[in-house]
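Inspection log for the structure reproduced underneath, given as structure tokens.
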Amino acid sequence: MAKFYLTTPIYYVNARPHIGHTYTTVVGDAIARYKRMLGDEVVFLTGTDEHGQKIERSAKAARMEPQKFVDRIANEYRSLWDSLDLRYDRFIRTTEWRHERAVHNLLCKARDAGYIYKGTYEGLYCVSDELYVDDPTAEGKCPLCGRELEKISEENYYFKLSAFADRLLELYNRPGLPFVQPESRRNEVISFVKGGLRDLSVSRTSIKWGIPWPDDDKHVVYVWYDALTSYMSGVGYGDDELQFEKMWPADLHLIGKEILRFHAVYWPAFLMAADEPLPKRVVAHGWWTFEGEKMSKSRGNIRLAQPIANVLGVDALRYFLLREMVFGQDGSFSYEALLTRYNSDLANGLGNFASRTLAMIEQYFGSVVPTAAPATDSSLAALSADRQAAALRHYEKFEFSSALQSIWDLIAAGDAYLTREKPWTLAADPARRVDLGIVLYNAAELLRIVSMLAHPVLPHSTQKIWAQLGQKTLLAGERIDQIQWGGLKPGTQIEKGEALFPRIQKEDAIERMDQMEEEIRSEGAPKPAAPAAASSAAPAAAAATAPAADNRIGIEDFAKVEMRVGEVKSAERVPNADKLLMIMVDIGSEVRQVVSGIAQFYEPEKLVGRKVVVVVNLAPRKLRGVESNGMIVAASVGPEGKPVLAGFLEDVPVGTRLK
């Protein structure tokens, strides 16, 4: 049994997880499930990065102790991953004592080998990326995120990064398995190193929220030295040497392309300095974009996983993320594309093929798999073998979109086969019963193979198909590399069961997801979905939620929310959106366009002239393609959450600020 140790990035806990974090973790989960179906001993690690200046400032702004702040956000990550049934084996937090010990161990090895010295750093620093920037061409902007840089001057410990340029280039050019993938990212890293490496500051004295420097408590460890070591501390480095010797080095670090430099340059250099084995691969995927821009908290255009999982189901979320984005490239996110994929590929594709095959076996053979005597369709079996091999090749390269295309080729072939052979016509002729049995056996066998091949991506719905086909084992325990045609035993009792992916009305689903997204943002608390294959009715109940926390804020935080008296100048319904109104509101200094989900309770023409409360300093966002520049304040009344607009008993001038 081969071991396979893979990691996601250790996510920074300055805000709740969004669809980008979810994508990376879903990819890791799919790889882990695939490797387990090959018989490998898999350890899948994820976790949270909880130190650094950005966390220190975020905690202060929230009027919380840093530890309480990171506890809350870390729990949101863990709760979301659990609710999406992402089956990680290890969860490491950089505030754990075992991790601090590991960081000290790695640092001291590098220091004792002569690769760390004390100096003074004077230059620019990006708080957002926790990055020292000594590039003279930076012009005050971070080369990674484009944000304004801060000037700092402080005593630091330095790491001799410049000493490792030749060894790093040798690593990137080694024969066999490339250290950095895909090729475009490898070339990017080679160009960076060839451009010259400067020694790296690896401590801070101006902040306190971090791991103390060994033997010098004026300093805390640079957050990236800290965070990267979690890949080792998570499997016992400096704590459980037997476990560490068994699992390290990592077989795969799965990351987003924005943190490539830290993983492909700094991390192997840190390990070389400590004479520790290097990970085998660093694989960088692309970004999700929304309306042409990278999703990011600062742009206010992020999307959350919970509404999708609640409305469409966990497997639909997984399928879209892995099918829509070509791994390694950027992908464009939209609810429209999501619903198109759901209805075409899942409802009309896999769901329909499974339903019609099982229904005909139930109707014509009393829910018993017929005998495929004396032979099966050789062309169908040959196509199955070809598409199986293609899917496995793509899985090995993490080409999930192509792997799923190969699997869906089989579904299309199965649908075409049923259309061509017309089992409903064969059923009308008693003399053709053997032929009918052969046709339905072939379709059911194809469905069995599809469920095995798609299991790493669609674990919940394929397990349901597996059970409907009368299989008593867990599909996760089957060998995906040992699929043979004819494995479905004639005489097996099937269970038709419920439809896996009922068709969804796009407009209704988009409205519900928009509404949930808005509720989550306004309430400030995530609502994870329970694991489910699909849901066409009410959202699934949450399987896990964050524990209650003291959410009280100070007056400084309240003062950040700017609310003003507005007067409605016009209102009209948003096309194809039953719940949304587009409202033009005079707020004194200007007339704002605001989209509000009150159309079911307020007639547009009756709102004209009404005074309302408007939050005017929210970042703009689009609802159903219409930009909203603010939020109208309303109470949520009763079990159905009926909105009741806030108003005034006395006459208040337009533009007056609420305090």
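With a Förster radius of 25 Å, plug the Cβ-Cβ distance of Val626 and Glu605 into 1/(1 + (r/R0)^6) and report the FRET value to the nearest 0.05.
Efficiency at R0 = 25 Å is approximately 0.85.
Restricting to Cα atoms and excluding each atom paired with itself, what does the Kirkwood estimate give for segment 554-659 in Å?
Taking every pair of different Cα atoms in segment 554-659, averaging 1/r and inverting gives 14.2 Å.
Using a 10 Å cut-off on Cβ atoms, rank the peptides 188-197, 303-312 from the highest mean neighbour count down.
Result, highest mean Cβ count within 10 Å first: 303-312, 188-197.
For the pair Lys642 and Val326, how long in nm is the line joining their label points, each one 7 Å along Cα→Cβ?
Placing both labels 7 Å beyond Cα along the Cβ direction yields 5.3 nm.
Under a crude label model (7 Å from the Cα following the beta-carbon direction), how far is Arg420 from Asn173 in nanometres?
Between Arg420 and Asn173, the label points sit 5.3 nm apart.
Note the listed values (i) 1.02; (ii) 0.96; (iii) 0.99, then indicate which one is Rg/Rh (Cα atoms, Kirkwood Rh) calculated from this particular structure.
Entry (i).
Only counting other Cβ atoms within 10 Å, I'd like Ser128, Ser636 sorted with the fewest neighbours first.
The order, fewest Cβ neighbours first, is Ser636, Ser128.
Shape verdict for segment 335-482, please, from the Cα gyration tensor: rounded (a/c under 1.5), prolate (a/b greater than b/c) or oblate.
Note, shape of segment 335-482 comes out prolate.
So what's the back-of-envelope 222 nm ellipticity for the chain, counting only DSSP H runs of four-plus at -39500 (n - 2.57) apiece and dividing by all residues, rounded to 500?
Value at 222 nm, helices only: -11500 deg cm²/dmol.
Can you sort Arg281, Arg93 from fewest to most other Cβ atoms within 10 Å of each residue's own Cβ?
Arg281, Arg93
At 24 Å minimum axial length over the Cα atoms and a Kyte-Doolittle cut of 1.0, report the qualifying DSSP H helices in the chain, or say none.
Qualifying helices: 433-454.
Once R0 is set to 51 Å, what does the formula 1/(1 + (r/R0)^6) return for the Cβ-Cβ distance between Val652 and Ala337, expressed as a FRET efficiency to the nearest 0.05?
Step by step, r from the Cβ atoms, then E = 0.70.
How many nm separate the modelled label positions at Ser184 and Ser401, each set 7 Å beyond the Cα in the direction of the Cβ?
If labels sit at Ser184 and Ser401, their model points lie 1.0 nm apart.
So, by mean Cβ neighbours within 10 angstrom, what's the order for 45-55, 351-361 with the highest one leading?
45-55, 351-361
What FRET efficiency comes out for Ala385 versus Lys496 if R0 is 25 angstrom and r is the Cβ-Cβ distance? Round to the nearest 0.05.
Efficiency for this residue pair is about 0.35.
Figure the gain on full extension for Arg432 and Glu245 (residue separation times 0.36 nm, minus the Cα-Cα span) and round it to one decimal in nm.
That works out to 61.0 nm of additional length.
Relative contact order for segment 3-285: what percent, with Cα pairs under 8 Å and sequence separation of 6 or more?
Relative contact order for segment 3-285 comes out at 23 percent.
Values in this text are rule-based calculations from the coordinates and carry no lab data. Note that the structure is a prediction, hence the values are computed from the model and not measured. In this analysis, Cβ positions are derived from the backbone assuming ideal geometry, glycine residues included, and neighbour counts consider all displayed protein chains.
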